Amino acid sequence: MKNPNLNNIEIDHLYHLGLDSSQDLNAMFGDVKFVCMMGSSLRIKDFAEKVSSSLGVEIPEEGIQPIGKTERCSLYKVGPVICVSHGMGAPSILIFLHELSKLIEYARASDVRFIRIGTSGALGLTPGTVVVSEGVLNGKLEPIFEQIGLGKTLRYETGIHLPLAEGLLQSRGDFEAVLGLTLGTDDFYEGQGRMDGALLPPYSEEESMNFLKLAHEKGVRNIEMESTAFASFCRRANISAAIVCATFINRLNGDQVTTTAEEQMKFSSYADELVLSYLRRTLLPLPLISNL
Ligand code: R2B
Ligand code: URA
């Protein structure tokens, strides 16, 4: 256990998950090998169903059921895969990262890898291209997550598990997928240099475009809102972590996401497929080689 303070707590309440350490978490989660996280609680249910058909894990007749409380997130377990939603932004995903990694620890599950499957805006890529993060930068284009704690700015390095990222990229199907840096911001609008928020932005369109172009020159290929918190937390916790994002818009061409709901479903399904194919490759026994 990374935090020795936890040894002094008789029952640890994983408050947002609606689970606690007095439960038999080993029986419930001891076999977990992957935690797959997504912002939306609707999309994670759909993903959990896809995991079940991909891995051939049966789900009950009444449909797949969430575990714990569903006020703040939805958590499903499909064989050795936890599928869980995390909401939007660093504050939300961090809460779940703390509670999920304690859950994994209390369950005595070993070699668990975390994968965030997200949506994002692209830089210089055709919408629909999947980006597998090879590194994560913050809004200052530094590989750092910044957080205020006890009145001070705390700075943590971000870290991606490159072999995991490369393994994921090799699982791509019949769609475009690239490795690239991901820019994680604290806002969808002004934090990502958009001109179309509710307020007059404190920068010009030219300044915004220059920043996006600079980010692109440094290797940034997509922008979203959780990668810095996710990649720094997993690095601190020594968890192998990767981020796979669908892209809905090329931000070098504009701000408004005008892709249709059908296109967004299709583009998201590419990111899902890439991860599902990696899960199949990693978790299913090798197919028997037939004797010809
Ligand atoms: C991507 O999409 C959401 C904002 O629309 C946010 O959670 C993110 O990282
Ligand atoms: N999510 C983001 O955070 N930004 C985008 O441009 C699209 C999706």
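Extending each Cα 7 Å along its Cβ direction at residue 213 and residue 281, get the distance between those two points in nm, one decimal.
The modelled label-to-label distance comes out at 3.7 nm.
Can you figure out the FRET efficiency of residue 49 with residue 23, using R₀ = 25 Å and their beta-carbon distance, to the nearest 0.05?
Approximately 0.50, to the nearest 0.05.
Would you please give the FRET efficiency between residue 108 and residue 262, computed as 1/(1 + (r/R0)^6) with r the Cβ-Cβ distance and R0 = 41 Å, to the nearest 0.05? Please report the intermediate quantities before stating the final value.
Working: r = 43 Å, r/R0 = 1.06.
For residue 108 and residue 262, the calculated efficiency is 0.40.
With a 10 Å cut-off between alpha carbons and a GNM built on the chain, which of 252, 17, 154 moves the most?
Looking only at 252, 17, 154, the biggest GNM fluctuation is shown by 154.
When the gyration tensor of the chain is built from Cα positions, what are the square roots of 5 times its three eigenvalues, in whole Å, from largest to smallest? The partial results should precede the final answer.
Values: eigenvalues 193, 121, 60 Å².
Equivalent ellipsoid of the chain: 31, 25, 17 Å, largest first.
Find how much the distance from residue 146 to residue 253 grows on full extension, using 0.36 nm per residue of separation minus their present alpha carbon separation; answer in nm with one decimal.
On the way: separation 107, 0.36 × 107 = 38.52 nm, distance 2.91 nm.
Full-extension gain reported as 35.6 nm.
For the range 117-282, compute the orientation-averaged projected area of the C-alpha convex hull (one quarter of its surface), in nm². Please list the in-between numbers first.
Working: hull surface 41.5 nm².
Average projection, Cα convex hull of the range 117-282: 10.4 nm².
By DSSP, what percent of the beta bridges with both residues in the chain are antiparallel, rounded to the nearest 5?
35 percent
Please say if the range 11-111 is rounded, prolate or oblate, where rounded means a/c under 1.5 for a ≥ b ≥ c the square roots of the C-alpha gyration tensor eigenvalues, and otherwise the choice is prolate for a/b larger than b/c and oblate otherwise?
Working: a/c = 1.62, a/b = 1.16, b/c = 1.40.
Verdict is oblate for the range 11-111.
I want to verify a result. In a Gaussian network model of the chain, Cα cutoff 10 Å, which of these has the top mean-square fluctuation: 57, 35, 275?
57
Using a Gaussian network model on the chain with a 10 Å cutoff between Cα atoms, which of 22, 277, 40 fluctuates the most?
Maximum fluctuation in the GNM of the chain, among the listed residues, is at 22.
So what is the calculated 222 nm ellipticity per residue for the chain, using -39500 (n - 2.57) for each DSSP H run with n of 4 or more, over all residues, to the nearest 500 deg cm²/dmol? Could the numbers behind the result be given before it?
Numbers: 7 runs with 92 residues, N = 292.
Per the formula, -10000 deg cm²/dmol.
For residue 225, list long-range residues whose amide hydrogen, built 1.01 Å from N in the peptide plane, is under 5 Å from its own amide hydrogen.
So residue 225 has HN proximity to 185.
Counting heavy atoms of the protein chains only and a 1.4 Å probe, report the per residue accessible area for the range 1-118 as a whole number of Å².
Details: 5680 Å² over 118 residues.
It amounts to 48 Å² per residue over the range 1-118.
The values are calculated or read from the model by the stated rules, or taken from the named source; none is laboratory data. Note that the structure is predicted; figures quoted are calculated from it, not measured. Glycine gets a Cβ as well: all are built from the backbone with ideal geometry, and neighbour counts include every protein chain shown. Accessible surface is based on the protein model in full, side chains and every heavy atom, while ligands, DNA and RNA are left aside. Shrake-Rupley method; radii C 1.70, N 1.55, O 1.52, S 1.80 Å.
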